[in-house]
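Colleague: Take a look at the following structure, please.
The values are calculated or read from the model by the stated rules, or taken from the named source; none is laboratory data. Values in this document were obtained by computation on a predicted structure and should not be read as measured data. Please note: Cβ atoms are built from the backbone with ideal geometry, for glycine as well, and neighbour counts cover all protein chains shown. Just so you know, the surface numbers come from the protein's heavy atoms only, side chains and all, with ligands and any DNA or RNA stripped out. Shrake-Rupley method; radii C 1.70, N 1.55, O 1.52, S 1.80 Å.
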Amino acid sequence: MTDVWLIAVMVLAGLIVLTLARLFAGPTPPDRVVALDTVNTLTVASMILFGVIFRQIVFVDVAIVYALLSFVGTLYIAKYLGGEIG
Amino acid sequence: MINHDYRCEHEGIEQYVPGDDVIPFIPTAVFAFAVYLLLTAGGGDLGVWSPSELLMGAVLAVIAAAVSRNFFCKNRDYRMANPVRWIILAVYVVVPFFIEMAKANVDVAYRVITGRIRPGIVRMQTGFTTDLSVLLLANSITLTPGTLTVGIDEETNDLFVHMINIRPGVEEKSVVDTGDINAWFRFPAWIRRIAE
Amino acid sequence: MIVDAVILIFLAVGLLFNTLGVVGILRFPDVYTRLHAETKTTTFGTIFIGLAVVVYGVSRLSGSGDGEYLTFTLHTIIAVVALAFTNATGAHAIARAAHRSGQRPAPAVVDRLAEVKEE
């Protein structure tokens, strides 16, 4: 069964690389934030899968913290783009 | 005390109520303790928690409540302390919301593949009065078919909704009703039961 | 065996929708339609990946009775719930920021928010 989880993580990694194309291509800053948000979501999914592969709960704990912190980051960038801070 | 006076000065309508600083402490502490129990379940021998963990959780919940009670119960609105509302919320998330979400994904998948879109931003009337119900509706329609919340009119609680595929004719209306979104279930009725 | 099949199906559905979301981000014409693809499909796909992990955790929990698997399952559920909630709110924040920074929906039949701002 470990192979299945590994393949899933590899597919997610491939998707992250594809999303990076949008991150670099832009064309506007909000587009880049959308791509960044997608990368964050996919990273959380892969962290949960890593928790299964290595049988370590700490991966899932990190995934929770990563989800919440990336949300704060997204909000901060969005506030900056909207001209409310900075 | 400082916090309380600040609030009164700015809103100008509230009177000082004895115990106003103490009552928010209880729901905040209970909520913090519940979250702590959820996070540490399965780690001990006393049932699923160990005694030292329970003690530590109680201490942390009291500290968290002391720090954040004025933030957590900002409006002094305790209607969510009713467990029936939480049960309705759980049913709402698992049944109508999840079905609509599955539908939304098939819909977006269809539009990704075919590229047939007709987007625009419409104004949607909600008729809600509390912040929590507007938040629930905004998040619900962001994750359900063809709609994405862009903005909010803070005075009337109307939402500005970006729709990916506006049906011909709907864009003529100046204010759109919640019935015009593509949903099988009536979200406003559910949310009124949860948070109004 | 049935458990393995269920896990496989959930993983496949999750990966399928995540892939569709990424394709949507690459294909759609403007930031709002891209947000549609991003929020709905990646959240749904990640919920299904989480469900696969939950099924795995519950099957191991009932097989071994080890408390670690209970923690594992609960934490996965918390991670997925936190992700679903923050994704919706984050999408709203990005859409609002995009509109405030002057970006208009590029192909659009109507834009009531811009009309309100011009008044």
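Colleague: Take A:Ile7 and tell me if it is among the hydrophobic types (A, V, I, L, M, F, W, C), closer than 19 Å to C:Thr86 by Cα and facing another protein chain (nearest Cβ under 9 Å).
Modeller: So A:Ile7 fails the test.
Colleague: Okay, moving on. Could you pull out the residue among C:Thr71, C:Thr39, C:Thr43 that is free of Cβ contacts under 8 Å to residues at least 24 places away in the same chain and part of a helix (DSSP H, G or I)? Can you show your working first?
Modeller: Numbers: C:Thr39 fails: free of Cβ contacts under 8 Å to residues at least 24 places away in the same chain; C:Thr43 fails: free of Cβ contacts under 8 Å to residues at least 24 places away in the same chain.
Among C:Thr71, C:Thr39, C:Thr43, only C:Thr71 is free of Cβ contacts under 8 Å to residues at least 24 places away in the same chain and part of a helix (DSSP H, G or I).
Colleague: Using the structure shown, decide if B:Val30 is part of a helix (DSSP H, G or I), at pLDDT 80 or above and open to solvent by less than 80 Å² (accessible area, probe 1.4 Å).
Modeller: no
Colleague: Across region B:126-168, what is the number of residues that are open to solvent by 10 Å² or more (accessible area, probe 1.4 Å), among the hydroxyl-bearing types (Ser, Thr, Tyr) and closer than 21 Å to C:His36 by Cβ?
Modeller: Selection size over region B:126-168: 1.
Colleague: Condition test on B:Arg85, is it at the interface with chain C (Cβ under 9 Å from one of its Cβ atoms), part of a helix (DSSP H, G or I) and open to solvent by 10 Å² or more (accessible area, probe 1.4 Å)?
Modeller: no
Colleague: Moving on to the next point. Select from region B:179-196 the residues that are of a type in the set (Val, Ile, Thr) and at pLDDT 70 or above and write down the one among them that is nearest to B:Glu100 (Cα to Cα).
Modeller: In this case the residue turns out to be B:Ile191.
Colleague: Still on this structure, I have one more. For region A:15-39, give me the residue count where each residue is at the interface with chain C (Cβ under 9 Å from one of its Cβ atoms) and open to solvent by less than 40 Å² (accessible area, probe 1.4 Å).
Modeller: Qualifying residue count for the region: 12.
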